[in-house]
Amino acid sequence: MTRHPPLLYWIRRDMRLSDHPGLAAAQQSGRPVIPVFVLDPETEDIGAAPKWRLEQAIAAFRERLRGIGSDLVLRRGKALDCLRALAEETGAGAVHWTRLYEPAAIARDSAVKAALRAAGLEAESHPGHLIFEPWAVAPKSGGDVYRVFTPYFRALEGIEPGPCLDAVEALAAPRDWPGTDALADWALGAGMRRGADVVAGHVEAGEPAAQAHLEAFLDAPVRDYAKGRDRLDLDRCSGLSPYLTWGEISAREAWHAAGRAARGGKRDGALAFRRELGWREFAWHLGYHTPELFEREWRAEWQGFPWRGESADAAAWRQGRTGEPLVDAAMREMYVTGRMHNRARMIVASHLTKHLLTDWRIGMRWFADCLIDWDPASNALGWQWVAGCGPDAAPYFRVFNPETQAEKFDPEGAYRARYLLGFEGSDDAVARSYFDAVPESWGLSPEDPLPERRVGLAEGRKRALAAYEAFKDGG
Ligand SMILES: Cc1cc2nc3c(=O)[nH]c(=O)nc-3n(C[C@H](O)[C@H](O)[C@H](O)COP(=O)(O)OP(=O)(O)OC[C@H]3O[C@@H](n4cnc5c(N)ncnc54)[C@H](O)[C@@H]3O)c2cc1C
């Protein structure tokens, strides 16, 4: 029997076997498949928390692959160099991967594709990171791309995403497995320092955990999701974001499962959940078509706004010590769990960019360093939306008031008590763990009193509106 040359599957943010179009195609090709993860300079460059979570994702996915008689080869270096070397070592004739859409990934992947093809190798990319490719949801009349969520989502709902693919159950192994780096040698969690031990208690990585999360969410919390998703003190959200970030579950699978829940009597919540999945699609759609989303004010009229740069206020915000209980509780939630409730993200982002008039990029980059569910497009869109300079943005005069937000969405103070030591009714263990998670260099102690407010809410709002009015008038 002739043996086909192997196919390298370059794994990135697609660490699953279910509904994986590229891996399913590789399986069907009948060729031996060598899954490989490359720690390239672009990946080395990501923030401390996502990098730590990446380590968990790699370890979990490697186990998953071993469970079907395959494995995950680890290599470190420039992607093209590693893939070429591996192809040479193994005699592979093809390299496939799942597409990513941020500008740096597109540039890298296009260069890799061109160089591999020039070297006579088959090089193919596949969909799978999103429900729809960023170019698939387009106005029927042609013309410009969607820039506003509601018409975008209406169009998206009118397209059939196709069924989920069965889980890959076996991948033909190569005759000999090539050498691999040891995951521990990469020390991907090093940047998290003390925080890793705290966050680890709140994280379960991998595809089976992702599936279990989705199932548990659609079993009950989804019923109350449409309203409950805004409540900080209730656990009504899916918690799927880190799994979607690393592709441990496909967004299409979540979409279809929500469709079944909607037909099964949980209509309101399930459709509201689908709408949020739509925001993730929209973020990538915009990031692809208007890549300025990632780095400068998306609305041209906002460019040149005199944001404040680094300051004692920005440092206090980062440390969860602004003196605004809801803002501080939310920032501490992030250090303790690696995540933050969506409403809390909006509130802390508003506080930084409006009450403290600080550049949204300072917040965006800090989130990119601290969130285990860091998603470049959703993060950029979220920050620009709140700051007022982004697509579909809240108007500039919409300044979240943390006190009224707390009354509505944390009415008994349970969320603040959970994360803010010293707040009335505070639960010691979780609130205290914040002090174990943050850098020692911050010099914080559980004995410190809660800080004073840095700026009055009315005063901060007035200052923000005045700055915008002055900018608009060119003064
Ligand atoms: C300033 C700011 C920064 C953000 N940064 C990120 C980020 O780095 N990574 C990230 O995944 N999300 C980000 N979001 C969006 C949102 O806060 C999270 O997706 C959500 O909190 C994740 O929790 P969940 O999985 O329980 O969400 P659920 O409410 O259960 O929603 C299900 C899924 O829908 C998607 N989704 C929900 N809300 C949004 C949204 N507003 N924008 C885009 N997608 C959404 C996510 O994939 C989420 O997992 C940000 C929002 C803001 C305001």
Confirm whether G247 is modelled with pLDDT of 95 or more and farther than 22 Å from S18 by Cα. no
Quick test of your reading of the structure: A119 fulfils all but one of (1) open to solvent by less than 60 Å² (accessible area, probe 1.4 Å); (2) free of Cβ contacts under 8 Å to residues at least 40 places away in the same chain. Name the failing condition by number. (1)
Based on this model, can you work out whether D224 counts as among the acidic types (D, E), open to solvent by 30 Å² or more (accessible area, probe 1.4 Å), away from the ligand (no atom under 11 Å from the Cβ) and in contact (Cβ under 8 Å) with a residue 40 or more places away in the chain? yes
Exactly one condition in (1) open to solvent by 40 Å² or more (accessible area, probe 1.4 Å); (2) near the ligand (Cβ under 8 Å from one of its atoms) is not met by R260; state its number. (2)
Does any residue of the range 343-351 turn out to be part of a helix (DSSP H, G or I), of a type outside the set (V, I, T), farther than 22 Å from G309 by Cα and open to solvent by 10 Å² or more (accessible area, probe 1.4 Å)? yes
Matching residues in the range 263-279 - criterion: being open to solvent by 40 Å² or more (accessible area, probe 1.4 Å) and of a type in the set (G, A, S): G264, G265
Determine whether L232 is among the hydrophobic types (A, V, I, L, M, F, W, C) and in a helix (DSSP H, G or I). no
Taking the range 358-374 only, how many residues are of a type in the set (A, V, I, L, M, F, W, C) and open to solvent by 10 Å² or more (accessible area, probe 1.4 Å)? 6
More than 30 Å from W52 (Cβ to Cβ) and either in a helix (DSSP H, G or I) or not charged (D, E, K, R) (or both): which single residue out of R416, R461, R453 fits that description? R461
Helices (runs of 4 or more DSSP H) fully within the range 56-174 counting 2 or more residues that are closer than 23 Å to L286 by Cα: 103-118, 149-157
Would you pick out the residues in the range 263-292 that are more than 12 Å from the ligand (Cβ to nearest atom) and either closer than 22 Å to F149 by Cβ or touching a Pro at 6+ places or on another chain (Cβ under 8 Å) (or both)? R267, D268, L271, Y288, H289, T290, P291, E292
The range 320-342, subset open to solvent by 40 Å² or more (accessible area, probe 1.4 Å) and under 17 Å from F435 (Cα atoms), residue nearest to the ligand (Cβ to nearest atom): R339
Flagged in the range 280-304 as open to solvent by less than 20 Å² (accessible area, probe 1.4 Å) and assigned to a loop (DSSP other than H, G, I, E, B), in numbering order, are T290, E297
Counting only residues in the range 375-399 that are open to solvent by 10 Å² or more (accessible area, probe 1.4 Å) and more than 10 Å from the ligand (Cβ to nearest atom), the one modelled with the highest pLDDT is identified as V399
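The values are calculated or read from the model by the stated rules, or taken from the named source; none is laboratory data. Every value quoted in this text rests on a predicted model; they were computed, and no experiment measured them. Note that each Cβ is placed from the backbone with ideal geometry, even for glycine, and that neighbours are counted across all protein chains shown. Ligands, DNA and RNA are excluded from the accessible area calculation, which covers all protein heavy atoms including side chains. Shrake-Rupley method; radii C 1.70, N 1.55, O 1.52, S 1.80 Å.
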